[in-house]
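For reference, the structure discussed in these notes is given below.
Bear in mind that the values in this text are calculations on the coordinates, not laboratory data. Values in this document were obtained by computation on a predicted structure and should not be read as measured data. Note: ideal-geometry Cβ built from the backbone for every residue, glycine included; neighbour counts use all protein chains shown.
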Amino acid sequence: MIVRIVKMEFRKEEVENFKRMFDSKKHLIRSFPGCLHLELLQGTEAKSNVFMTYSHWESEQELNDYRYSELFAETWEETKAMFASKAEATSFTKLHTLE
């Protein structure tokens, strides 16, 4: 399993626009083949314009299939137009989960 974390910082005036856009796309992303889990996290107080997506993918191939899809291209183009700085993305192999 692959865990993908993407950190995004938005211009403060774009925060509500991003949240609306994500809300309209989240079910499409979550139902993309290979996506097992999707979360959107928002920074608190002074960092409320910083967001992270946290997603689980069956494999790196499924993640890449999403990253090269029309859905991703459209979503990313709309999203990055609202950025205050460049996004940071990292993938991890999930080793352990304790609950």
>> Show me the GluC sites (Glu not before Pro) within region 1-91 that DSSP assigns to loop and that have at most 14 other Cβ atoms within 10 Å of their Cβ.
In response: 58
> What value, in deg cm²/dmol to 500, does the helix sum -39500 (n - 2.57) over DSSP H runs of n ≥ 4 give at 222 nm once divided by the residues of the chain?
Replying inline: -11000 deg cm²/dmol
>> What does the charge count around residue 14 come to, taking other residues whose C-beta lies under 13 Å from its C-beta (Lys +1, Arg +1, Asp -1, Glu -1)?
In response: +1
> Within a Cβ distance under 10 Å of residue 49, other residues only, what is the Lys/Arg minus Asp/Glu net charge?
Replying inline: 0
>> Based on alpha-carbon atoms only, what is the radius of gyration of region 2-93 relative to the globular estimate 2.2 N^0.38 Å?
In response: 1.04
> What is the spin-label model distance, in nm, from residue 21 to residue 7 if the labels are put 7 Å beyond Cα along the C-beta direction?
Replying inline: 2.1
> Hey, which of these cross-link pairs are over 18 Å Cα-Cα: 19/47; 19/94; 12/86; 25/80?
Replying inline: 19/94
> If you line up the long axis of helix 70-80 against the longest principal axis of the chain, both from Cα atoms, how many degrees apart are they, to the nearest 10?
Replying inline: 30
> So what's the angle, to the nearest 10 degrees on a 0 to 90 scale, between helix 15-30 and the longest Cα principal axis of the chain?
Replying inline: 20
> Arranged by the count of other C-beta atoms within 10 angstrom, fewest first, what order do 65, 23 take?
Replying inline: 23, 65
> Considering only DSSP states other than H, G, I, E and B, which trypsin sites (Lys or Arg not before Pro) in the chain qualify as loop sites with at most 12 other Cβ atoms within 10 Å?
Replying inline: 86, 94
